[in-house]
Amino acid sequence: MTSGLCGNAVWWAMQLARDVEACSALLRGEPVEPSRLDLDFLEYAATFGLVRLDFAAIDLLHHRADLRALLTEGA
């Protein structure tokens, strides 16, 4: 990733997030509850296709095999 793209992602995350933890999660590509985001900027970012509002955290389990194993071991 070039520094321009990285800086752009940081700027968008900072505008969207209402707290540092939400900003960090956005930069890692993790889902964030919409209540932790600035709704005006969320709508603006959605017009550019920068955010997805159509999935929940459970949908990401197939991307994290280690998390799936941890959850199934604990059950």
| field | Listed peptides 37-50, 15-28 by packing density, highest first (mean Cβ within 10 Å) | value | 15-28, 37-50
| note | Once both label points are put 7 Å beyond Cα along the C-beta direction, the D19-L42 separation in nm becomes 1.5
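Values in this text are rule-based calculations from the coordinates and carry no lab data. Note that the coordinates shown come from a computational prediction; the quantities given were computed from them, not determined experimentally. Positions of Cβ are backbone-derived with ideal geometry, glycine not excepted, and every protein chain shown enters the neighbour counts.
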